[in-house]
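The values are calculated or read from the model by the stated rules, or taken from the named source; none is laboratory data. Keep in mind the model is a prediction, meaning the values are calculated, not measured. Cβ sites come from the backbone with ideal geometry, for glycine too, and all protein chains shown count toward neighbours. Each accessible area value is taken on the protein alone, full model and side chains, heavy atoms only, with ligands, DNA and RNA left out. Shrake-Rupley method; radii C 1.70, N 1.55, O 1.52, S 1.80 Å.
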Amino acid sequence: MTLHDPTLELTAKACQLTGVTSEDVFSWCRTERVSHLRFAVWHVARKSGISLHDLARPFRRDHTSVCHGLTRAKDLLQSDEWFRGLVEELENV
């Protein structure tokens with residue numbers, strides 16, 4: 001499985017910023033911190049034009065999971081300061 005370079009870079013940066021391991025990010029782990037990190041990566045990557053299918057594949061998800069994550073990201077940007085800060089950091093990668 002080959003990651004799209006921007007997705008790999010965003011995931012590595014998010015892991016570095018949060019201390020979450022890449023193994024957790026790409027696993028089925030559903031803890032809030034890991035899920036929110038995944039949503040942040042998807043949000044920033046999607047804004048750069050990566051397709052839902054290409055976002056989903058390396059995370060072993062389908063495009064509907066990414067759609068759900070993008071919806072949650074939109075809500076979290078309004079309500080969660082930690083999430084908003086993470087997205088802002090990732091947008092500068």
Residue-wise, which Karplus ³J(HN,Hα) couplings in Hz belong to region 76-81, taking 6.51 cos²θ - 1.76 cosθ + 1.60, θ = phi - 60°, and x for glycine or proline?
5, 4, 7, 10, 10, 5
Given the whole protein assembly as supplied and a 1.4 Å probe, what does the accessible area of Thr21 come to in Å², nearest 10?
60 Å²
Probe 1.4 Å, heavy atoms of protein chains only: per residue, the accessible area of the chain in Å² is 58 Å²
Sequence order, region 87-93: Karplus ³J(HN,Hα) from phi using 6.51 cos²θ - 1.76 cosθ + 1.60, θ = phi - 60°, Hz rounded, Gly and Pro as x, gives 4, 4, 4, 5, 5, 8, 6
Most to least accessible of Glu9, Glu32 (protein chains only, probe 1.4 Å)
Glu32, Glu9
Enter the accessible area of Arg33 (Å², nearest 10), with the probe set to 1.4 Å and all protein chains included.
110 Å²
So the carbon and sulfur contribution to the accessible area of the chain, 1.4 Å probe, in percent, is 49 percent
What's the local net charge at His68, with K and R +1, D and E -1, over the other residues with C-beta under 14 Å away?
+4
Structure-derived P(r) over Cα pairs in 10 Å bins from 0, in percent: which label, when the choices are [x] 17, 59, 23, 0; [y] 17, 51, 26, 5, 1; [z] 16, 47, 31, 6, 0:
[x]
What FRET efficiency comes out for Ser27 versus Glu88 if R0 is 22 angstrom and r is the Cβ-Cβ distance? Round to the nearest 0.05.
0.30
What chymotrypsin sites (Phe, Trp or Tyr not before Pro) in the chain are in a loop by DSSP, with at most 11 other Cβ atoms within 10 Å of the Cβ?
Trp28
Starting from the Cα of Leu17, step 7 Å along the direction of its Cβ; do the same at His68; then give the gap between the two resulting points in nm.
2.4 nm
Separation between the Asp75 and His53 pseudo-spin-labels, each 7 Å from Cα along Cα→Cβ, expressed in nm?
2.8 nm
